Amino acid sequence: MSTLIGTKIRGATRTLRSRKAAPLEPSQRKMVGAKTPTAPSALEEAFALQVRAAKLPAPVREHRFHPTRRWRFDFAWPVSRIAVEIEGGTWSGGRHTRGSGFEADCIKYNAAAVLDWRVLRVTGSMVKDGSALAAVRQLLSETLRG
């Protein structure tokens, strides 16, 4: 990852922390209503910054892809049917790695596949080392050449 991108990521992370922006826990979301959006995670903001710095087409954030379910992708390029899901808590036992959360994710990603979406599931380390951005760049270039 370039030094400029790394600097911007660290700056964005500091800004989010200083504003005390943190995703709501599921129990908090229920208390305030399911339609209340959660704050983007630091990893999501870092990835968004990478996409902008790389001058890739702007993704749609929190894109609702399913006709009847409320499922959303963290990032989506709907015309190309490419999506990115940032999987947080990989090493800390987050929701995506526990039984019910993992199963719910499988159901969501299978439904996306049935609808012809290509979903890239990426971890924090993949965002930080630039491999998530490289995978998106490759898929977008294949779609544009298509």
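Key figures
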quantity: Given (1) under 17 Å from the mean Cα position of the chain (by Cα); (2) modelled with pLDDT under 65, index of the condition residue 36 fails; calculated: (1)
quantity: Tabulated pairs, the range 59-76, first part of a loop (DSSP other than H, G, I, E, B), second buried (at least 21 other Cβ atoms within 10 Å of the Cβ) and among the charged types (D, E, K, R), C-beta under 7 angstrom, 6+ apart or interchain; calculated: none
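The values are calculated or read from the model by the stated rules, or taken from the named source; none is laboratory data. Just so we're clear, the structure is a prediction, and the values are computed from it rather than from any experiment. Glycine gets a Cβ as well: all are built from the backbone with ideal geometry, and neighbour counts include every protein chain shown.
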